[in-house]
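A.B. asks: Please find one structure pasted underneath; my questions will follow.
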């Protein structure tokens, strides 16, 4: 596992291998030798592999990524992508970009789980009537008077279990479920994947 040199506290705390990442986020040669190169556009289109964002560490489960968010005061824009030999987390802050890379060979297993959506329709509301007619809540959620009250997406969690480090658990609002499923069902990761029943 390796990180960019910006996070020296993190590097020392977890005894991780360090690299310098370019300001544009591209993987430097030294890092690519260990964790693989960026996928070409043709490879991404052919294998339907695209990076995913809008996640955060799961609360109450400290690990290398949650420590990183803490060091940056949670003021970062995270992005998870695949290289030819591993995963790369990019965290873009106000002045700099950090990166955490993990080899596929370091990953023991990936678990995906989802908390069910919360559905509490108001009697006789349009949303309530459509549910009574048999429509799926997600497809007719636009008719809810209040998403916070009548419908709310559950969270989706990915737990990356590693051989030599604490598991990394990250969570998304389940509206991103299709993108998350596509990402972790790629050719590089499918063999590591285990989906828990929601």
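The values are calculated or read from the model by the stated rules, or taken from the named source; none is laboratory data. Bear in mind the structure is a predicted one, so any value in this text is a computation, not a measurement. Don't worry about glycine lacking a Cβ; one is built from the backbone with ideal geometry, like all the others, and counts go over all protein chains shown.
A.B. asks: Confirm whether residue 73 is out of contact with any strand residue (DSSP E or B) (no Cβ under 9 Å at 6 or more places or on another chain), modelled with pLDDT under 85 and farther than 16 Å from residue 168 by Cβ.
C.D. replies: Taking the combined requirement at face value, the residue satisfies it.
A.B. asks: Go through the residues of the stretch 89-104 one by one and say whether even a single one is more than 22 Å from residue 181 (Cβ to Cβ), in the same structural domain as residue 32 (by TED's automatic domain parsing) and free of Cβ contacts under 8 Å to residues at least 12 places away in the same chain.
C.D. replies: The answer is yes, given that some residue of the stretch 89-104 is more than 22 Å from residue 181 (Cβ to Cβ), in the same structural domain as residue 32 (by TED's automatic domain parsing) and free of Cβ contacts under 8 Å to residues at least 12 places away in the same chain.
A.B. asks: Residue by residue through the stretch 57-70, note down the ones that are surrounded by fewer than 18 Cβ atoms within 10 Å (Cβ to Cβ) and out of contact with any strand residue (DSSP E or B) (no Cβ under 6 Å at 6 or more places or on another chain). Break it down stepwise before answering.
C.D. replies: Initial filter on the stretch 57-70 (surrounded by fewer than 18 Cβ atoms within 10 Å (Cβ to Cβ)): 59-62, 67, 69-70.
If the condition is that a residue be surrounded by fewer than 18 Cβ atoms within 10 Å (Cβ to Cβ) and out of contact with any strand residue (DSSP E or B) (no Cβ under 6 Å at 6 or more places or on another chain), then 59, 60, 62, 67, 70 are the ones that fit.
A.B. asks: Hey, another quick one. Within the stretch 44-53, how many residues turn out to be loosely packed, with under 14 Cβ neighbours inside 10 Å and more than 15 Å from residue 189 (Cβ to Cβ)?
C.D. replies: So the answer is 2.
A.B. asks: Another one. Can you pull out every residue in the stretch 137-147 that is surrounded by fewer than 19 Cβ atoms within 10 Å (Cβ to Cβ) and farther than 14 Å from residue 175 by Cα?
C.D. replies: 143, 145, 146
Every residue, every condition in (1) under 19 Å from residue 167 (Cβ atoms); (2) surrounded by fewer than 16 Cβ atoms within 10 Å (Cβ to Cβ); (3) at pLDDT 85 or above, yes or no:
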position: 23; (1), (2), (3): no, yes, no
position: 26; (1), (2), (3): no, yes, no
position: 42; (1), (2), (3): no, yes, yes
position: 55; (1), (2), (3): yes, no, yes
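A.B. asks: Looking only at the stretch 171-198, how many residues end up being in contact with a helix residue (DSSP H, G or I) (Cβ under 7 Å, 6 or more places away or on another chain) and at pLDDT 90 or above? Write out each step before concluding.
C.D. replies: Restricting attention to the stretch 171-198, the residues satisfying the condition of being in contact with a helix residue (DSSP H, G or I) (Cβ under 7 Å, 6 or more places away or on another chain) are 172, 186-188, 193.
Next, from what is left, pick out any that are at pLDDT 90 or above: 172.
Here the count works out to 1.
A.B. asks: Quick one: in the stretch 77-90, of everything that is surrounded by fewer than 19 Cβ atoms within 10 Å (Cβ to Cβ) and over 16 Å from residue 168 (Cα atoms), which residue is nearest to the chain's Cα centre (by Cα)?
C.D. replies: Step by step, filter the stretch 77-90, then rank; the result is 77.
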